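The values are calculated or read from the model by the stated rules, or taken from the named source; none is laboratory data. The model shown is predicted, which means the values in this text are computed figures rather than measured ones. Note that each Cβ is placed from the backbone with ideal geometry, even for glycine, and that neighbours are counted across all protein chains shown.
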Amino acid sequence: MRQIELFTVPSPCIGVCQSGPKGYCTGCFRSREERVNWLKIDDNTKKIINDACMRRKQSYTRRIQAKTAAPTHDIETIKSASGSQSELF
């Protein structure tokens, strides 16, 4: 039995509307096709797209955090190397 929807599925758009290197919007993480056809598709498909957008955003966030996180052992190595090098002068 199909449930009756009382509310429309909201668009994930946040007004950024720029395509990233993989073709997804950098604001809502929808593909061009998903953005263009948003008003034409049914609510179940919109829910699927919203779920996919959330997964894409989480994946992107994890990749960015992995790139910016510096391992602590590298910092310790740098500190110990700079300490011994300063003793040379």
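Take the residues in region 5-37 that are under 14 Å from the mean Cα position of the chain (by Cα) and among the basic types (Lys, Arg), then tell me which one is surrounded by the fewest Cβ atoms within 10 Å (Cβ to Cβ).
Filtering region 5-37 for residues that are under 14 Å from the mean Cα position of the chain (by Cα) and among the basic types (Lys, Arg), the one surrounded by the fewest Cβ atoms within 10 Å (Cβ to Cβ) comes out as 22.
For region 45-59, state whether one or more residues are among the small types (Gly, Ala, Ser), modelled with pLDDT of 90 or more and more than 14 Å from the chain's Cα centre (by Cα).
No - not one qualifying residue is present in region 45-59.
Quick check: anything in region 38-53 of a type in the set (Lys, Arg) and surrounded by 10 or more Cβ atoms within 10 Å (Cβ to Cβ)?
Yes: one or more hits.
Looking at (1) at pLDDT 90 or above; (2) of a type in the set (S, T, N, Q); (3) part of a helix (DSSP H, G or I), which is the only condition residue 11 fails?
Evaluating residue 11 over (1) at pLDDT 90 or above; (2) of a type in the set (S, T, N, Q); (3) part of a helix (DSSP H, G or I) leaves (3) as the failure.
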